[in-house]
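The values are calculated or read from the model by the stated rules, or taken from the named source; none is laboratory data. Being a predicted model, the structure only gives us computed values, none of them experimental. Counting neighbours? That spans all protein chains shown, and the Cβs are built from the backbone with ideal geometry, glycine included.
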Amino acid sequence: MSDLQSDTGAGGASSEGTVQVEMFNGNGATRKRQQRSSKKKKSYGDGLKAPSPIGKNFVLDTNVLLHDPDCLDRFGDNHICIPIEVLCELDRFKGEQSERGANTRNVHRRLADIFSSHPNEATIGIPTSGGGSVRLVPNNGKSAAVEELMATFRGQETNDNRILICASMVAEQNSAPTILITKDLNLQLKAHAVGIPCEDYQNDKVDSDQVRQTGPRIIDLKPNELQRFASTGGIDLPAYVKKISPNEYVLLKAGEKRTMPARMGSDGAFHKLHVPDQIKIQRGTPIRPLNLGQQCFMDALLNPEATLVTCYGQAGTGKTLLAVASALHATFAGDFNGVTVSRPVIPLGDTLGFLPGSLEEKLDPWLKPVFDALEFLLTPENTTGKRRQQHKGRKGNTDAPMNVASKKVYDGMLESGLMEIEALCYIRGRSIPNRYFILDEAQQLTPLEAKTIVTRMARGSKLVLIGDPAQIDNPYVDRLSNGLVYTRDRLRDEPCSSHVTLERGERSQLAEAAAKKM
């Protein structure tokens, strides 16, 4: 018997866990001897099985990590699974010079910090701060149920379908519930169709009652208390009234017909609104608040203590017009160095190179509502026809270039820097001092994008976020998780924050009827 046979048997395994293999040439002589380890490595099913039966298994989609790069710390003592397909999708975005690219690189750094120190345990599970774990799932298992699911998706080899298959395999290997977490509504529907439990990412969602909140709160007072408030301009918060946030607006009421709006100050007392009878920019059209909501909104826009103002309102309620008018009014009064306006380009962060021209020309289609408000504010009442005649015959030169004849009434403000256009995809890293910053359509932002913008505001600046939570085009946020409602929810108790909800449309009777009934 040869040495090989005596140690291991013919091609067998030794007691030390090695396999010795003899390879022969055509004459039967030994050509090469190889040894390889057969010692089985401890395995948990290639990432499929959780390191502990305690806790749920949450399979994360790519958009959850991009939406909140810190989401790995939000799942407590449960187990987080990251499919290999998610890493492949992240790899496509890492080079983008955009908010999405920055978020991707942030996620890569977080994952590298977690797994680089224990690479051998990447598919077993690395403990998280909340008592759970996070692991990578290569997605290479097979079973009858998985084969059936793959047959359902045959011919549709997409990352979304492979993530669904991964979630199915994790569910088979664990007795604890397995839930797919995604902000992709279509993927949620597909998961429901094939019987895979699926949920939206809930950490940054706000209470639906806060979004539905309508109009100022009503505070009942005695007639003499309301009279004292009217004469002195202030009154302490009654003991029987529940807590009211700083800069929150209320309607003080004594009897059926005696009412007066008030604002809660940081000193814990109600104060009168300070609203001018009208706002007039240069020789333009005067603007007056037309209802109670607009009075409260204008007070917040002109309140120097409120450096953050959020406003919900449907189309035609005057959000943009009042914000632009108040910004110019405060700037001409010397409170700010200028006005900055912006609006998310959906999807936020995409480059603007597909439109020709300068930055202002690229953003012009997106900022038409702001420019419409400027034109209305700066055009004198009942003189539109006269102004157009002056433009047509400027300097008596009929051969003047077309761009001279089409010069806008607000172009001088843009050229002087008094009015600045800001592209949100380039705002990262900026510090914006002494500016009145208006962000229209803020409901299109994600919470992380909203945080990026709020943290850009330096001393002396005021930020106004306006939008309608019911009108969202961004596929990864909804009325309860967008940047506008998130900012309001997280900063509602800060003395520098103020909020107003506008309900009544003032654009026209037709617009008001359409907003409510269509």
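Here are the numbers for this structure:
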{"read-out": "Within the range 182-201, tally of residues that are polar (S, T, N, Q) and surrounded by fewer than 14 Cβ atoms within 10 Å (Cβ to Cβ)", "value": "1"}
{"read-out": "Matching residues, the range 250-261, being over 16 Å from T501 (Cβ atoms) and aliphatic (A, V, I, L, M)", "value": "L252, A254, M260"}
{"read-out": "Within the range 281-325, tally of residues that are assigned to a loop (DSSP other than H, G, I, E, B) and under 25 Å from F270 (Cβ atoms)", "value": "11"}
{"read-out": "Odd one out for G95 among (1) assigned to a helix (DSSP H, G or I); (2) of a type outside the set (A, V, I, L, M, F, W, C); (3) out of contact with any Lys or Arg (no Cβ under 7 Å at 6 or more places or on another chain)", "value": "(1)"}
{"read-out": "Test: residue in the range 256-264 that is part of a loop (DSSP other than H, G, I, E, B), in contact (Cβ under 8 Å) with a residue 24 or more places away in the chain and of a type outside the set (A, V, I, L, M, F, W, C)", "value": "no"}
{"read-out": "Top-ranked residue in the range 450-483 [being buried (at least 22 other Cβ atoms within 10 Å of the Cβ) and more than 22 Å from Q202 (Cβ to Cβ); ranked as modelled with the lowest pLDDT]", "value": "I453"}
{"read-out": "Yes/no for R435 being of a type in the set (D, E, K, R), modelled with pLDDT of 90 or more and touching an Asp or Glu at 6+ places or on another chain (Cβ under 8 Å)", "value": "yes"}
{"read-out": "Hits in the range 202-219 (condition: loosely packed, with under 14 Cβ neighbours inside 10 Å and β-branched (V, I, T))", "value": "T214, I218"}
{"read-out": "Residues satisfying the stated conditions in the range 172-223, i.e. of a type in the set (S, T, Y) and modelled with pLDDT of 95 or more", "value": "T178, T182"}
{"read-out": "The lone exception for F270 - which of (1) touching a residue at least 60 places away in the same chain (Cβ under 8 Å); (2) among the hydrophobic types (A, V, I, L, M, F, W, C); (3) touching an Asp or Glu at 6+ places or on another chain (Cβ under 9 Å) it fails", "value": "(1)"}
{"read-out": "Top-ranked residue in the range 220-243 [being among the hydrophobic types (A, V, I, L, M, F, W, C) and surrounded by fewer than 17 Cβ atoms within 10 Å (Cβ to Cβ); ranked as farthest from M298 (Cα to Cα)]", "value": "A239"}
{"read-out": "Residues that are exposed (fewer than 15 other Cβ atoms within 10 Å of the Cβ) and free of Cβ contacts under 8 Å to residues at least 24 places away in the same chain, drawn from the range 137-177", "value": "K142, A144, E147, E148, A151, R154, G155, Q156, E157, T158"}
{"read-out": "Exclusive hit being farther than 22 Å from L164 by Cβ and touching a residue at least 60 places away in the same chain (Cβ under 8 Å), set R109, R100", "value": "R100"}
